[in-house]
Amino acid sequence: MTEEIIIAGFGGQGVLSMGKILAYSGVMQNQEVTWMPSYGPEMRGGTANVTVIVSDERISSPIVHQYDTAIILNQQSMDKFEKTVKTGGILLFDPNGITHPPKRTDIKIFAIDGVEEATRMGNPKTFNMIVLGAYLKIKPVVKTENVEKGLRKSLPERHHKLIPMNIDAIKLGMEKVKEFSL
Amino acid sequence: MGELKLMKGNEAIAEAAMRCGCDGYFGYPITPQSEIMETLMLAKPWETTGMVVLQAESEVASINMLYGGASCGKKVMTSSSSPGISLMLEGISYLAGAELPCLIVNVVRGGPGLGTIQPSQADYFQTTKGGGHGDYQVIALAPASVQEMNDFVGLGFDLAFKYRIPSLILTDGVIGQMMEKVIVAESKPRWTDAEIKKISGTWATTGKTKDRERHVITSLNLESEKQEIHNHHLQAKYREIEVNEVRFEEFQTKDAEYLYVAYGSSARICQKSVQLARAKGIKVGLLRPITVWPYPTVRLSELANQVKGMLAVEMSAGQMVYDVRLAANGKIPVSHFGRYGGVIPSPDEVLVAMEKFIKEGK
């Protein structure tokens, strides 16, 4: 199994940390991982993206230009990455702020109201975990228990009290994700 | 076995430095390698191992601090990215001339000039063909994974002290910024004064005692005959390194009819291209130089008797390809494919380049 994922959105949305948690979760189940961020002159409000590869085998190129899954969290990223999903691949997006929804018919498209659900949960910071949950529902590349282990490993101890809330957010994402029809 | 961690390449360099008993890091921030000093500053090794971490006022100051530390037989290092390394070249030439062991890390970005902060491999000439003035070489290691970023810090220091020569890790923004699994080494303590005297006591400025002459560290020699003798000595050392220290890795070369030659992140991309080519029935292999100086000339020359052509893939306009051509020595066609200025080629376009090369034979 090799899963090549791009996660793309605004800086400050937790795009990079979402990728990092996914990568850590892969490590927790003895898989090979690479995490390659875009590191341009990004800033809060600018665009940010990260390529994560999780595989059972040694990973050759950490750079790919076509993906099994694209997780898209703003319109600029939609414009840039909708076309990079492999035929038969998956596109997951949050409709919030998307003015031109995806149009491709040769891929599977899913939507998660991440921003809305996070606001409802009373903590906008859980947004990226809700989206991660949605993704893991569609493609369970890592087990939730390993995500928890990954969180434990990647977060400094003073933040460990936030882990249950993050797990709740992941579960919420799993519940709320839905197939998007054109 | 050491601990398993998930780290950025830059972080791995810093962690490995602390664990291998490095005495001092001197540097100046520049993207895409600033995490090296950031990691060191956060870890505060001066409180544990006693390692000095200092943000100098410039790259020129950093490299001259290295000269001072190395003169005392200490394990010292610096890191920078392309424009910063350009500023250091005078100092690197002096370090080479004075035969001082040290470690320099270049996380290459696109040039020329201030260029871009995105990854590039356009500092190959600068690294392997001098860069600074005079007839000198540095041992240049080109990691292709975060694990190798970790491993080559210790290896770089070992080689530097074995031959009294600067070692340089030639990497780029991809490997520096990427996170992968790393098994970090067990921590080694820094050398004691007694150990430094044992290892480098014949030349280092460890404090003059009555039973020996002064140790003078200099690259200046106003008598040209003596300077020529010094150059002969340096050249003999370089020939010895060329015999003993060539490192490379081969991937699917056994039955290969065509060969990619690529180092660092380009080698990772080519590895995927080899898989894509093999899936289409094209017998392609990859030779990855791990040391870009000394270069795996002998092995490439042998492979030139086996394969029908070699394609050098670099994130430059074509630099390493000259060394491939020298090794092939006209026996087979050699060509180059590159994206540059900070653009990273995809495995697919590298495969397209190979298919074009096979078809056109040039």
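In the full protein context, chain B carries 41 Å² of accessible surface per residue, based on a 1.4 Å probe and ignoring ligands, DNA and RNA. If R0 is 45 Å, the Cβ-Cβ spacing of B:Asn231 and B:Val343 corresponds to a FRET efficiency of close to 0.65. Packing here is the average count of other Cβ atoms within 10 Å per residue, and on that basis the peptides A:52-64, A:162-174, highest first, run A:52-64, A:162-174. Per residue, chain A exposes 45 Å² of accessible surface when a 1.4 Å probe is rolled over the protein heavy atoms with every protein chain present.
At q = 0.08 Å⁻¹, what log₁₀ I(q)/I(0) does chain B have when each alpha carbon counts as one equal point scatterer in the Debye sum? With one equal scatterer per Cα and no solvent, log10 I(q)/I(0) is -0.40. Beta bridges assigned by DSSP with both partners in the protein assembly as shown are antiparallel in approximately 40 percent of cases. Distance between the C-alpha centers of the range B:314-328 and the range B:248-263? Whole Å please. What the calculation gives is 15 Å, centre to centre.
In square angstrom and rounded to 100, what buried accessible area do you get between chains A and B, total over both, with the probe at 1.4 Å?
Numbers: alone 9350 and 15750 Å², together 22980 Å².
Looking at A and B, the buried total is near 2100 Å².
Computed log10 I(q)/I(0) for the range B:4-193 at 0.08, 0.10, 0.17 Å⁻¹: -0.21, -0.33, -1.03, from the Debye equation with unit scatterers placed on every C-alpha and solvent omitted. Relative contact order, whole percent, for the range A:2-179 stands at 23, derived from Cα pairs under 8 Å and 6 or more residues apart. Just need log10 I(q)/I(0) for the protein assembly as shown at q = 0.06, 0.12 Å⁻¹, Debye formula, equal scatterers on the alpha-carbon atoms, no solvent, rounded to two decimals. So the normalised log intensities are -0.32, -1.15. Among B:Glu90, A:Glu117, B:Glu257, the sequence by solvent-accessible area, most first, with a 1.4 Å probe is B:Glu90, B:Glu257, A:Glu117. The alpha carbon centroids of the range B:1-32 and the range A:47-84 are separated by 28 Å.
Measuring between their Cα centroids, the range B:194-228 and the range A:118-160 lie 59 Å from each other. Expressed as a fraction of 2.2 N^0.38 Å, the C-alpha radius of gyration for chain A is 0.95.
Grab the Cα-Cα distance for B:Lys44 and B:Thr202, subtract it from 0.36 nm times how many residues apart they are, and report the gain in nm with one decimal. Please report the intermediate quantities before stating the final value.
Working: separation 158, 0.36 × 158 = 56.88 nm, distance 3.23 nm.
Extra length from B:Lys44 to B:Thr202 when fully extended: 53.7 nm.
B:Lys362 exposes around 150 Å² of accessible area when a 1.4 Å probe is run over every protein chain in place. What does the charge count near B:Lys181 come to, summing +1 for each Lys or Arg and -1 for each Asp or Glu among other residues with Cβ under 10 Å from its Cβ? Charge balance in the 10 Å sphere: -1.
With a 1.4 Å probe rolled over the protein heavy atoms of all chains, the accessible area of B:Met320, A:Met121 falls in the order A:Met121, B:Met320, largest first. With the whole protein complex present, B:Glu240 retains an accessible surface near 90 Å², based on a 1.4 Å probe. Taking Cα centre as origin and charging only the Cβ of basic (Lys, Arg, +1) and acidic (Asp, Glu, -1) residues, the dipole magnitude of the range B:249-360 rounds to 140 debye.
The label point for B:Leu326 and the one for A:Phe180, both projected 7 Å from the Cα toward the Cβ, are 5.4 nm apart. Within the full protein context, the accessible area of A:Tyr39 is estimated at about 30 Å² for a probe radius of 1.4 Å. Relative to the longest principal axis of chain B, what angle (0 to 90°, nearest 10) does the C-alpha long axis of helix B:82-97 take? The angle comes out at about 60 degrees. Sorted largest first by accessible area at a 1.4 angstrom probe radius, with every protein chain in place, the residues B:Lys254, A:Lys137 fall in the order B:Lys254, A:Lys137.
Taking every alpha-carbon pair in the range B:292-356 and binning the separations at 10 Å intervals from zero gives 22, 48, 28, 2 percent. With a simple spin-label model that places each label point 7 Å from the Cα along the Cα-to-Cβ direction, the separation between B:Arg212 and A:Glu57 comes to 5.5 nm.
Between A:Thr99 and B:Glu223, the simple label model (points 7 Å from Cα in the Cβ direction) yields a spacing of 7.9 nm.
Counting, for every residue in B:171-181, the Cβ atoms of other protein chains within 10 Å of its Cβ and taking the mean gives 5.
Extension gain for the segment A:Glu157 to A:Gln76, taken as residue separation times 0.36 nm less the Cα-Cα distance, is 25.6 nm to one decimal.
Across peptide A:47-59, the mean count of Cβ atoms from other chains lying within 10 Å of each residue's own Cβ comes to 1.
The values are calculated or read from the model by the stated rules, or taken from the named source; none is laboratory data. The model shown is predicted, which means the values in this text are computed figures rather than measured ones. Neighbour counts run over all protein chains shown; Cβ positions are idealised from the backbone, glycine included. The protein model used for the area step is the full one, side chains on, heavy atoms only, and it has no ligands, DNA or RNA in it. Shrake-Rupley method; radii C 1.70, N 1.55, O 1.52, S 1.80 Å.
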